[in-house]
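Working notes, structure below.
The values are calculated or read from the model by the stated rules, or taken from the named source; none is laboratory data. Keep in mind that this is a model prediction, so the values were computed, not measured. For neighbour counting, all protein chains shown are included, and Cβ atoms are generated from backbone atoms with ideal geometry for every residue, glycine included.
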Amino acid sequence: MRKYNLFLSIILFLITTQFITPTTQTPSTQNSDDSTLNRTMHPPVTWLDKNAVEIKSGKFDIKTISTTMTCGKCHDTGYIDTHNSHFKNGVKVDCIDCHIMEPPNGTEIKDDLPSIYLRIKVPSPQQCGKCHGIVNSSTEPLSIPDDYLGVTQYTSGEKLYGTTLHTGVIFSPQELAGSAMNLQNKENLHFPWDVHSHRQLDCIACHYIGNDPRYMGDIESPLRYLKYDPRHIKSPGEILKRPDHNLQVSKCTTCHSPLNVHNFLPYKKKHMEALSCQSCHVPIIYGPALRSVDRTVLTLDGIPRFEFAGADNSLSNGTTLNTKYFTGYKPILLPEKVKISEDQEEFHNGRYKISPFNLVTTWYWKSGKTNLPVEEQILKEIYFSAPGQYADDIIRIFDNDRDGKIASGELLLDSNEKISFIKEKLRQKGILNPFIDGIIESYPIDHGIFEVSHMNRTCADCHATHSLLGEDILLSRNAPLGISPRFSTDFIPEKDGRIVREKDGRITLDRTEPGGGYYILGHSRVKWLDKAGLWVFIICIVAIMLHAFLRYIFSFKYSSAHTQELQKVYRYRFYERLWHWTMATAVLILALTGVQIHFTGHIAFFNLEHAVSLHNILAGILVINAVLSLFYHLVTGEIKQFFRFNRLFLKEAVLQFFYYIYGIFKGAPHPVQKTSERKLNPLQQLTYIGLLNVLLPFQVLSGILMWGAERWPAITGKWADLAYLAPLHNLGSWLFLCFLVVHIYLTTTGDTVFSNIKAMITGYDSASEQDIQGDQQRLMDMKFMDMVGTLIFKMVQKNNDLSKKEATHE
Amino acid sequence: MRKFKYHWVIGALIMIISIALSVWLFMPKDSTKAMKDPWASVIKTRHHLDHARFFTQPFKKPQDVTKACLQCHPQAAKDMMKTVHWKWEGDPVKIPGHKDPMRIGKKNLVNNFCLGITGNWPSCTSCHAGYGWENSSFDFTKEENVDCLICHDWSGTYAKGPSGYPREGVDLLASAQKVGYPRRDNCGICHIYGGGGMGVKHGDLDNTLVNPSENLDIHMGKFNFLCVDCHKTTNHNIKGKAYSVSVNHENGIFCTDCHDAVPHRDSRINTHLSSVACQTCHIPLVAKKAPTKTDWDWSKAGDSSRTDDTHTYLKIKGEFIYKKNLRPEYTWFNLTTDRYILGDKIDPSKVVYINKPIGDITDPTALIWPFKIHRAKQPYDMVNNFLLVPNLSGEGGYWHDFDWEKALQQGGINTGMNFSGKYGFADTEMHWPLSHMVAPSTQALKCNDCHGDHSIMNWKELGYDGDPEKYGGRITNNKIKNPEGV
């Protein structure tokens, strides 16, 4: 399709040149070697004023040229005016503003106005930058213009630096290191302000005219089977006559195929769904972006008090911005509702997309009657007696330290006295019920794209306790007393978070989660679940330690209950041991990596990327191992080991239980004999049935679903969302951890502390196949309830005996 | 028979191997291809033997030092005498426009600085690695006349004067006691000061490279390279080619001797390799700390009313322009040059190229290279239309009598040229391809330096239709001619 575009544009070019050449005469000046002159394709024009009279002499003034008369001869200016994003809502930008670079106003016109003087061309970035922000594609080192802050007023027709002022992005191919600005770590910033500018893309490459035939693919063809329909192009002349000046905004995906790269990203598609490209590709902005503007006060220069994001704001406004120390700020990542039309076209199906923003908080004096900001001229009259000279009563009120000057720290409405003073003054000027209003506005960040090789985003930037997606946002260092700002009505992202006024006067946006229903692995946590899991785990550990301690104490009293030489029997077959230890290793590594992934930022055994990969690989090994061992147990019949239930099972289980809580301390023999036919005691049987049939499948399934969310979104996407899969998987892992510690502890309850572990390694276990003692046999013969009663009685009695004995000792 | 007790070890091994293998298989790997390690071909350490104890008696003549050296290094002079540093001429090569292969070198060539050594031996041969080249009858076979110290002196006190003899006051014993492998200042004595002053000739070689910073030259600055680290030397034959005296790249050095042939991570940059030399981007500027001579007008010489200044005017030499932070000029170059040979006819209405680089956009072996171009006005014979080498120094020379006619007459005799008696000054250009002063990668040229509105390249002059970013490169536009004509 791109080939078609190229082909068509060539045809278009040929046709237009064919179309134009016979009707025009090449002016002699174009024969000169000046190659820049040849860059314009536009034929020469006769410049007419509003009365259709040719401008031939006098002092040149661009305003005398009538675009309707001059341009309107060939182009349908009426159509352009009505189809023009720059010609509505109070904005009136005409042909000349964008298509003629630097008109030589004031020069004397001799014979006529040569077209060379006024070169008509497609808008260059500088042309767009005249209004939109700092643009510099020249070789002059980039600097902040002197009028950068002086133009923030409501006056129209002046230069505005909107985009740069509000977001800090600068459109320039130059390297940051080569700029005239004072940037932190400047000598290492060897990358351009914007890669697209550096790669020679101009503004109109992405902001193209609405009926640009090259991009007609974006407009839906009436023929559903066509993505690109060349029949949209009526004729090249049509486009030249009626260019639709509603400038389009191309998406990153118009040119880029993000899914073809980003292979380093786990959950590639998920990331693309959840994040806009700029969220990662604009990691930091060094340009002079506003953080807050306090328009309730005026500095000596007669401008509001500005605070910059990512800058040392200790310097007063008077210093030039080029010497201000900019450290750069990280754009604020906030969820933004995704439009439905976009949904259909792109691959994501989420309701929200996280995008970078800059938030600018502004305080105004407003009139209670009109609810509009008070004009700055009125404030100037209040604050100043003469330009650069504060009024005496202002100094009296604001000068806290009585040095006759208003320092930058004092220029703040931080007391009721100051506020009511200004309020009174405003009333005198005829403002009804003046009040202070604070508004937070959001500015999306679309430019300032980083050089990829200089991006140092890591997983832990977001997937960690301290995440870019959950950090508190500083809205303003200072604020007028008692005024809490509110979100503006056209605030784009979701308004989540709490606006907090800190003790030191700072205003912050407190947020813990990004909102939008995201679960960010490593950052998001279900707190109660974590707490519960941790408590269960701690209880297990404490119980084990207590048990072990008691065993140790009593081992002196009841030592070597049975010391006869034990015979060795081969009990665990080779494969049994192999699968056991493979399982053990896998679970151990899964636990370690899992803990790290869950608590990124707190615990680190590996680097996060490796931890995630290891976790996935070991999970795979575990699943394969489990399947193979299931097969083994089935074909050998060993599976019966888990299901040996007879009518004595319950009794045996109780005996085993009492053994663990009582008999073991006395050095009593195991109540249930371990034989090669019956390797597991009743309690083990129950535990393993639960572990292998419930917990393991649960954990494997939840894990596979989390892993598969990227691979088979169609299957998993609908009913398995990370937001509850992750906590469930997490719950399972807590239980697994508990099993692990208890299991390991219970291996020490064999004949010696390590005999069971040794048996599981070598396969040879000590055969303690003595007959069940008479005592045990008697218990087994009792009725169930009697047996339990006897056991409890014996335990209590013996304990009493013990305590009595100890008492007599003392 | 007792059963093997440790067969569980086999199980443990199976387990470890299967886990390790699957981790190794499935762990995401860094997909970037391993690059050639540039350090693999760099000599890490050099051995140096303190020679102080070998020499105790003062030397009477410099030749005595050489003889002393040859006692232990008998092959050294023989090897040295086979090289261009001694012969000042190379093996026979084919020169475009000339039928038979010819031996060329400093010995017989003309340049546009001090014009030529013929007849000016005493001053020019102060850079000859030998003693006593005073006239055309110098004996190139005498081993004792080889000057070892000029390249091996570490005392820093050794200096050469007319005809290559040590200057008066040089302590030969002190120098001999402190000999070692050649360091940057050793090579620099001639290669930095060539042309009669610091930085006159090369542009990318001047005294600031003796102790350079990282920004000046990454190899010598950051990694403290010596000249001989790249100009690798075996048996006194030093690798490398200077296009002021050569016409091809035999025995030359390439960046790719150490660096990977496809060295960038960004494939867009790598596509440039088919048309752009490494040096073009990586040597964005030369003469970064000290200026280099770019223009030399001999026709203005001899004016005693003007005050002498090394960098603007000297009565004996004429008018100069020196430039600092010089942006190179770019042209196609296939590593061979044309060469002006004494006697070649010139067209005085046009610029005479002393060593025009061969290659253009159609030449698949040519790349866009950076050059320092030295422009001069130098004497030529208006009747015969060829360049002349005047006699400058000594009795009857121009620097003595300031009489061009006499100097050219005598020069004509020395060089065997038939000077008609009528002379003029022709515009000449000499091309110096640049390979030193390699900047750190952060300072290399970037996209917008060549592409876009502020390009440093003159694309039309290079043969493109326009900025190749918009018009396509020479491959897309089928501009390359197949040399076989297939």
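Among (1) assigned to a helix (DSSP H, G or I); (2) without any contact (Cβ under 8 Å) to a residue 60 or more places away in the chain; (3) under 26 Å from the mean Cα position of the chain (by Cα), which single condition is B:ALA174 missing?
Exception for B:ALA174: condition (3).
Would you pick out the residues in segment B:410-442 that are touching a helix residue (DSSP H, G or I) at 6+ places or on another chain (Cβ under 9 Å) and under 22 Å from B:PHE254 (Cβ atoms)?
Within segment B:410-442, B:PRO433, B:LEU434, B:SER435, B:HIS436, B:MET437, B:VAL438, B:ALA439, B:PRO440, B:SER441 meet the criteria.
Among the candidates B:GLY199, B:GLY188, which residue alone is surrounded by 20 or more Cβ atoms within 10 Å (Cβ to Cβ) and among the small types (Gly, Ala, Ser)? Spell out the reasoning first.
Numbers: B:GLY188 fails: surrounded by 20 or more Cβ atoms within 10 Å (Cβ to Cβ).
Just a single option satisfies the conditions, and that option is B:GLY199.
What are the residues in segment A:257-304 that are more than 14 Å from chain B (Cβ to nearest Cβ) and among the aromatic types (Phe, Trp, Tyr), if any? Full working, then the answer.
Start the filter on segment A:257-304 by keeping residues that are more than 14 Å from chain B (Cβ to nearest Cβ), which leaves A:257-259, A:269-304.
A:TYR286, the sole residue that qualifies.
Looking only at segment A:336-393, count how many residues are farther than 30 Å from A:THR508 by Cβ, modelled with pLDDT of 85 or more and either not acidic (Asp, Glu) or not assigned by TED's automatic domain parsing to the domain that holds A:LEU474 (or both).
12
Within segment A:324-335, identify whether any single residue is at pLDDT below 90 and either of a type in the set (Asp, Glu) or assigned to a loop (DSSP other than H, G, I, E, B) (or both), and answer yes or no.
yes
Among the helices (runs of 4 or more DSSP H) lying completely within segment B:380-472, list those that include at least 3 residues that are within 14 Å of chain A (Cβ to nearest Cβ) and of a type outside the set (Phe, Trp, Tyr).
Details: elements: B:398-401, B:404-415, B:447-450, B:459-462, B:468-471.
By residue number, B:447-450, B:459-462, B:468-471.
Right, A:SER115: hydroxyl-bearing (Ser, Thr, Tyr) and either exposed (fewer than 14 other Cβ atoms within 10 Å of the Cβ) or modelled with pLDDT of 85 or more (or both) or not? Spell out the reasoning first.
Working: hydroxyl-bearing (Ser, Thr, Tyr): yes; either exposed (fewer than 14 other Cβ atoms within 10 Å of the Cβ) or modelled with pLDDT of 85 or more (or both): no.
The answer is no for A:SER115.
With surrounded by fewer than 18 Cβ atoms within 10 Å (Cβ to Cβ) and hydrophobic (A, V, I, L, M, F, W, C) as the only criterion, which of A:LEU705, A:LEU680, A:LEU735 stands out? If you could, list the steps in order and put the result at the bottom.
Values: A:LEU705 fails: surrounded by fewer than 18 Cβ atoms within 10 Å (Cβ to Cβ); A:LEU735 fails: surrounded by fewer than 18 Cβ atoms within 10 Å (Cβ to Cβ).
Sole residue among the options that is surrounded by fewer than 18 Cβ atoms within 10 Å (Cβ to Cβ) and hydrophobic (A, V, I, L, M, F, W, C): A:LEU680.
Tell me which residues, restricted to segment A:576-603, are without any contact (Cβ under 8 Å) to a residue 60 or more places away in the chain, farther than 16 Å from A:VAL623 by Cα and either facing chain B (nearest Cβ under 10 Å) or touching a helix residue (DSSP H, G or I) at 6+ places or on another chain (Cβ under 6 Å) (or both).
Answer for segment A:576-603, where residues must be without any contact (Cβ under 8 Å) to a residue 60 or more places away in the chain, farther than 16 Å from A:VAL623 by Cα and either facing chain B (nearest Cβ under 10 Å) or touching a helix residue (DSSP H, G or I) at 6+ places or on another chain (Cβ under 6 Å) (or both): A:THR593, A:GLN596, A:ILE603.
Exactly one of these conditions fails for A:HIS610: (1) in contact with a helix residue (DSSP H, G or I) (Cβ under 6 Å, 6 or more places away or on another chain); (2) within 13 Å of chain B (Cβ to nearest Cβ). Give me its number.
Evaluating A:HIS610 over (1) in contact with a helix residue (DSSP H, G or I) (Cβ under 6 Å, 6 or more places away or on another chain); (2) within 13 Å of chain B (Cβ to nearest Cβ) leaves (1) as the failure.
Confirm whether A:GLN127 is modelled with pLDDT under 90, buried (at least 20 other Cβ atoms within 10 Å of the Cβ) and not assigned by TED's automatic domain parsing to the domain that holds A:ILE100. It would help to see each step written out before you state the result.
Details: modelled with pLDDT under 90: yes; buried (at least 20 other Cβ atoms within 10 Å of the Cβ): yes; not assigned by TED's automatic domain parsing to the domain that holds A:ILE100: yes.
When the stated conditions are applied, A:GLN127 passes them.
Going by the structure shown, is A:VAL635 under 30 Å from A:TRP707 (Cβ atoms) and within 14 Å of chain B (Cβ to nearest Cβ)? Show your work before the answer.
Numbers: under 30 Å from A:TRP707 (Cβ atoms): yes; within 14 Å of chain B (Cβ to nearest Cβ): no.
No, not satisfied.
Quick grid of which residues meet (1) closer than 22 Å to A:ARG551 by Cα; (2) surrounded by fewer than 18 Cβ atoms within 10 Å (Cβ to Cβ); (3) under 51 Å from the mean Cα position of the chain (by Cα):
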site	(1), (2), (3)
A:PHE643	no, yes, yes
A:LEU650	no, yes, no
A:LYS666	yes, yes, no
A:GLN673	yes, yes, no
A:SER676	no, yes, no
A:LEU686	no, yes, yes
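Enumerate the pairs (first residue in segment B:32-58 and within 30 Å of B:SER267 (Cα to Cα); second residue anywhere and loosely packed, with under 13 Cβ neighbours inside 10 Å and not charged (D, E, K, R)) with beta-carbon separation below 9 Å, excluding pairs fewer than 6 apart on the same chain, so at least 6 apart or on different chains.
So the pair list comes out as B:LYS36/B:ALA261.
Picking from A:ASN625, A:ASN646, which residue would you name as being of a type in the set (S, T, N, Q) and in a helix (DSSP H, G or I)?
Details: A:ASN646 fails: in a helix (DSSP H, G or I).
Answer to the selection: A:ASN625.
Only one of these conditions is not met by B:GLY397: (1) modelled with pLDDT of 95 or more; (2) farther than 30 Å from B:PRO263 by Cα; (3) in contact with a helix residue (DSSP H, G or I) (Cβ under 8 Å, 6 or more places away or on another chain). Which number is it?
Failing condition for B:GLY397: (1).
B:ILE253 passes all but one of (1) in a helix (DSSP H, G or I); (2) in contact with a Lys or Arg (Cβ under 9 Å, 6 or more places away or on another chain); (3) among the aliphatic types (A, V, I, L, M); which number fails?
(1)
Okay, residues lined up against (1) within 14 Å of chain A (Cβ to nearest Cβ); (2) farther than 30 Å from B:LEU408 by Cα; (3) surrounded by 14 or more Cβ atoms within 10 Å (Cβ to Cβ):
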position	(1), (2), (3)
B:LYS232	no, yes, yes
B:HIS259	no, yes, yes
B:HIS264	yes, yes, yes
B:ASP303	no, no, no
B:LEU314	no, no, yes
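Tell me whether segment A:395-409 contains one or more residues that are surrounded by fewer than 12 Cβ atoms within 10 Å (Cβ to Cβ), outside any loop (DSSP other than H, G, I, E, B) and among the small types (Gly, Ala, Ser).
no
For segment B:264-301, give me each residue that is in contact (Cβ under 8 Å) with a residue 40 or more places away in the chain, part of a loop (DSSP other than H, G, I, E, B) and farther than 15 Å from B:LEU205 by Cβ.
Across segment B:264-301, the qualifying residues are B:ARG265, B:SER275, B:ALA277, B:PRO284, B:ALA301.
Scan (1) closer than 28 Å to B:ASN211 by Cβ; (2) among the acidic types (Asp, Glu); (3) surrounded by fewer than 18 Cβ atoms within 10 Å (Cβ to Cβ) for the single condition B:ASP147 breaks and write down its number.
Among (1) closer than 28 Å to B:ASN211 by Cβ; (2) among the acidic types (Asp, Glu); (3) surrounded by fewer than 18 Cβ atoms within 10 Å (Cβ to Cβ), B:ASP147 violates only (3).
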